[in-house]
Amino acid sequence: KTSGLVDVADLSFLEFEIAPEARNLTEFTYVSVRACQATRHPLTINALEDLTFSVTLRDAFGATSTLSIGAYGGGITEPFQRSGVGMGEGWANEFETTRVRLDDFGRAGPGLDLTDVVAIRLEFGLPGDSPLGRIGLDDLELIQE
């Protein structure tokens, strides 16, 4: 799990290494990301639309598979734009969870070895995803169902 703020315009990716004893992802169903668009920030206010980014898995042999969260519900929703209290416009950071099915990574990147995944990477600004934005990250989890 992790948390923090990310300016999509400043980073091209945020990568998390998986401990050697936890690299077999076949027992899990989803990669789950809980995120929000940061309220009252110019990168959020200027776009005012769902923000999308991609999730990439990389195995020990260097094979990768990348999927956009936009394919799983439209992206991270923009916050309600309220003014009158404080500086700027916004309401509250509205966190939402997006789950990406692990089997889909295998179909998108057939060379990916789900028994030996070394990293999960959140990639920002890829073609088809949002070019700008500011997000808050609350959780990155593997879910078993």
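Coordinate-derived values only; no laboratory data. What you are looking at is a predicted structure, and each value in this text was computed from that prediction instead of being measured. Neighbour counts are summed over all protein chains in view; Cβ atoms, including those assigned to glycine, are modelled from backbone coordinates with ideal geometry.
Students often get this wrong: which residues of the range 16-60 have the backbone nitrogen under 14 Å from the point 7 angstrom along Cα-to-C-beta of residue 108? Only 30-33, 52-59 fall inside the zone, counting backbone N under 14 Å. The gain in end-to-end length when the residue 29 to residue 77 segment is fully stretched comes to 14.9 nm, 0.36 nm per residue minus the alpha carbon separation. Legend: calculated FRET efficiency, residue 97 to residue 64, from the Cβ-Cβ distance at R0 = 22 Å, rounded to 0.05, equals 0.40. In plain terms, if you count all Cα to Cα distances in the range 22-145 and split them into 10 Å steps from zero, the share in each step is 13, 41, 28, 13, 4, 0 percent. Short-range pairs are left out: with C-alpha atoms under 8 Å and at least six residues apart, the relative contact order of the range 35-77 is 42 percent. In this structure the amide hydrogen of residue 82, modeled in the peptide plane, comes within under 5 Å of the amide hydrogens of 90, 91, none closer than 5 places in sequence on its chain.
Given R₀ = 22 Å, what would the calculated FRET efficiency be for residue 115 paired with residue 12, taking r from the Cβ atoms and rounding to 0.05?
0.20
The residues neighbouring residue 59, those whose beta-carbon lies less than 9 Å from its own, together hold a net charge of 0 under the Lys/Arg +1, Asp/Glu -1 convention.
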